[in-house]
Amino acid sequence: MASLATPAAPCLLRPTRCGPAGMPTTSDVALETVMTAGPWDQPALLPVRSRRERGADPATGRVSGATDTIDALGVADAAIPPAARIVRRAARRSYDVADLAMGAADVLRSNDIGTMVTAAPALYPHMWSWDAAFISIGLAHLGVERAGQEIRTLLAAQWADGMIPHIVYGDRGGYFPGPGRWGTAELSASAPQAPLTSGICQPPVHAIAVGRILDVARRGTDADRAAGEQLVRDSWAALYRWHAWLAQYRDPDGTGLIAVVHGWESGMDNSPRWDGPYSAVIPGPDLPSYVRLDRELVRDGAERPTDLEYDRYLWLIEEMRRASYDPVKVYETCSFLVADVFVSAIFAVASDVLADLGDEFGAPAEHVADLRRWAARSRAAVAASRSPETGLARDYDRRAGAWIDVETLAGFAPLICGGLDADAERALIETLHGPHWAGHPDLVAKVPPTVSPDSVGFKSREYWRGPQWPVVSWLFGWAHARHGHTAQAEALRAETLSLVGDGAFSEYYEPVTGEALGSRRQSWTAAVILDWCTAR
Ligand code: 9WN
């Protein structure tokens, strides 16, 4: 398998002028340097040099003082006292676009273990489903073949029934729950024996990634274009089966809203959206004991889910084991069953993308028609889920039989899939970019927080309860551009590049101070930043 250490195709990173509002303009020469900065297994030159110029310890790369946010281990610093926050915000460093592109490329290369680019170097040393899709978009700028390989690796783990699993385990341990805790290979007839996988899924962003890789490939050489088109031909049928699995097993009544059976399936693990449904998940006394590894790596416990949340996460796995991961039984018996409006919006727009690719590449007409039908149905359901009071889209708790009236970033799901009339869409865009959300005056960058700072549930450091996630910002930016909201797409790009200007490529950011949180050198952060630095 091709590794980033030995790129199989010429690098696609093109000299591009990147000078959006508020961002420094990159010179062609600097981006040319990214293309030739090898050897490929060495750290990127400019960010390391920049760190040393600022007095970093050459052994660790860490800068003395409270403002350093680059951590070679890929783990979080301890919590800083609130009084230091203001200092930290004022002292935030800001690398320019060329340095960010080079640093992002370095993150992807250094997290490449040959068979996969791990989601993060220490905290997530395996392949995650939606991470892999975003990662492949970043990889496309380093080599279309390598990007395609990432998608192929993920699809090689697809279950016989069509599900794409949320984790594909590599041969390193280092993450809990590992494959033994899931036991999918022993318990499910659909799960592969190799590679080992988890037993749930994640948001279906994969067709979006394949479409984006194709766009990048078509701006490259003839070989890039051929590799991009071959990827579509090789992956289309598998992606169709994946969408068919979601339609059949996660929306058996054809409502248009796709259900999740675990908060991890949403990708927004501990969002306050799930607090109600999780309160009905009661871990049994026979929950096998376990030891969390994440808390050893992220030392500030406030950045990660609580132990009670973890008990519930693990209990749901027990329930699924007892159902042998049969998707019909899981849907009927699992104590967590929520129609997820954000997943449904992604499903709708990814079905559109896949249908368009299918038309172009000669896929079976009835399959393309299925995708268009699923897309239309889910788009309508997302629009219909909106709260009459707030206009935000809502999840539906299928076990409780009730809408979930908790305001989070997922409420902007209609902006991902489209489908609102022009006035309603404009109003929702204005809300997203307005003073309660991305444009909140307290925020260090106008990037949508996962929960509004005005909400009682806002927790500035806690994972999906407030922090800004660059990858989610990219998704909104991509959707804005797709739906013709060019200025807002450009604003998200510029503001997110400013947020991540510290060069940490963190999993998420504290919105008020811009402090890097969670894992450092997180692959999907690097991937979307590389895409934003290099492609328009
Ligand atoms: C559980 C890998 C994944 C992301 C998720 C994010 C987090 C895992 C965890 O990390 O989830 O799947 O251990 O917290 O919430 O969106 O895919 O980056």
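If the Cβ limit is 9 Å and pairs must be 6+ apart or interchain, which residue in the stretch 516-531 that is free of Cβ contacts under 8 Å to residues at least 12 places away in the same chain and assigned to a helix (DSSP H, G or I) pairs with which residue that is near the ligand (Cβ under 8 Å from one of its atoms) and not hydroxyl-bearing (Ser, Thr, Tyr)?
Going by the 9 Å Cβ cut-off, there are no qualifying pairs.
May I ask you to verify whether SER351 is touching a Ser or Thr at 6+ places or on another chain (Cβ under 8 Å) and surrounded by fewer than 20 Cβ atoms within 10 Å (Cβ to Cβ)?
No; evaluated as a whole, the condition is false for this residue.
Give me the helices (runs of 4 or more DSSP H) completely within the stretch 162-276, filtered to those with at least 2 residues that are more than 18 Å from the chain's Cα centre (by Cα), ordered by residue number.
In the stretch 162-276, 179-182, 184-187, 206-218, 222-249 are the helices (runs of 4 or more DSSP H) which contain 2 or more residues that are more than 18 Å from the chain's Cα centre (by Cα).
Counting only residues that are within 15 Å of the ligand (Cβ to nearest atom) and charged (D, E, K, R), which one in the stretch 509-536 is farthest from VAL97 (Cα to Cα)?
Selected residue: ARG520.
What is the residue count in the stretch 397-415 for residues that are surrounded by fewer than 22 Cβ atoms within 10 Å (Cβ to Cβ) and either aromatic (Phe, Trp, Tyr) or not in a loop (DSSP other than H, G, I, E, B) (or both)?
Counting residues in the stretch 397-415 that are surrounded by fewer than 22 Cβ atoms within 10 Å (Cβ to Cβ) and either aromatic (Phe, Trp, Tyr) or not in a loop (DSSP other than H, G, I, E, B) (or both) gives 3.
Is it true that some residue in the stretch 429-449 is more than 14 Å from the ligand (Cβ to nearest atom), touching a residue at least 60 places away in the same chain (Cβ under 8 Å), closer than 27 Å to ALA348 by Cβ and surrounded by 23 or more Cβ atoms within 10 Å (Cβ to Cβ)?
Within the stretch 429-449, one or more residues are more than 14 Å from the ligand (Cβ to nearest atom), touching a residue at least 60 places away in the same chain (Cβ under 8 Å), closer than 27 Å to ALA348 by Cβ and surrounded by 23 or more Cβ atoms within 10 Å (Cβ to Cβ).
Among the residues in the stretch 476-487, are any within 16 Å of the ligand (Cβ to nearest atom), buried (at least 24 other Cβ atoms within 10 Å of the Cβ), assigned to a helix (DSSP H, G or I) and modelled with pLDDT of 95 or more?
Scanning the stretch 476-487 turns up at least one residue that is within 16 Å of the ligand (Cβ to nearest atom), buried (at least 24 other Cβ atoms within 10 Å of the Cβ), assigned to a helix (DSSP H, G or I) and modelled with pLDDT of 95 or more.
Which ones in the stretch 152-170 are away from the ligand (no atom under 16 Å from the Cβ) and over 18 Å from PHE347 (Cβ atoms)?
Looking only at the stretch 152-170, we keep the residues that are away from the ligand (no atom under 16 Å from the Cβ), and these are 152, 155-156, 158-162.
Of everything in the stretch 152-170, those that are away from the ligand (no atom under 16 Å from the Cβ) and over 18 Å from PHE347 (Cβ atoms) turn out to be ARG152, ALA156, ALA160.
Which ones in the stretch 488-515 are touching a helix residue (DSSP H, G or I) at 6+ places or on another chain (Cβ under 9 Å), in contact (Cβ under 8 Å) with a residue 60 or more places away in the chain and polar (S, T, N, Q)?
SER506, THR513
Taking GLU490, is it under 15 Å from ARG93 (Cα atoms) and either within 16 Å of the chain's Cα centre (by Cα) or among the acidic types (Asp, Glu) (or both)?
So GLU490 does not fit the description; no.
Got a sec? Which of HIS243, HIS262 is closer than 21 Å to SER198 by Cβ, modelled with pLDDT of 95 or more and within 15 Å of the ligand (Cβ to nearest atom)?
So the residue among HIS243, HIS262 that is closer than 21 Å to SER198 by Cβ, modelled with pLDDT of 95 or more and within 15 Å of the ligand (Cβ to nearest atom) is HIS262.
So if I check each of LEU293, LEU231, LEU297, LEU314, which one is surrounded by 14 or more Cβ atoms within 10 Å (Cβ to Cβ), of a type in the set (A, V, I, L, M, F, W, C) and away from the ligand (no atom under 16 Å from the Cβ)?
None of the others qualify; the one that does is LEU231.
What's the number of the condition GLY358 fails, among (1) farther than 21 Å from GLU407 by Cα; (2) in contact (Cβ under 8 Å) with a residue 12 or more places away in the chain; (3) within 16 Å of the ligand (Cβ to nearest atom)?
Tallying (1) farther than 21 Å from GLU407 by Cα; (2) in contact (Cβ under 8 Å) with a residue 12 or more places away in the chain; (3) within 16 Å of the ligand (Cβ to nearest atom), GLY358 fails exactly one: (3).
Against the condition out of contact with any helix residue (DSSP H, G or I) (no Cβ under 6 Å at 6 or more places or on another chain), modelled with pLDDT of 65 or more and closer than 17 Å to SER498 by Cα, how does ARG109 come out, does it pass?
The answer is no for ARG109.
Which condition number does VAL368 fail, the rest of (1) aliphatic (A, V, I, L, M); (2) surrounded by fewer than 23 Cβ atoms within 10 Å (Cβ to Cβ); (3) within 30 Å of PRO192 (Cβ to Cβ); (4) in contact with a strand residue (DSSP E or B) (Cβ under 9 Å, 6 or more places away or on another chain) being met?
(4)
Report yes if ARG273 is away from the ligand (no atom under 16 Å from the Cβ), at pLDDT 95 or above and not acidic (Asp, Glu), otherwise no.
Judged against the criteria, ARG273 is not a match.
Here are the criteria: (1) surrounded by fewer than 24 Cβ atoms within 10 Å (Cβ to Cβ); (2) more than 16 Å from the ligand (Cβ to nearest atom). Tell me which single one VAL144 does not satisfy.
Here VAL144 meets the rest and fails (1).
The values are calculated or read from the model by the stated rules, or taken from the named source; none is laboratory data. Remember, it's a predicted structure, so these values are computed and weren't measured experimentally. No Cβ is skipped: glycine too gets one built from the backbone with ideal geometry, and neighbour counts run over all protein chains shown.
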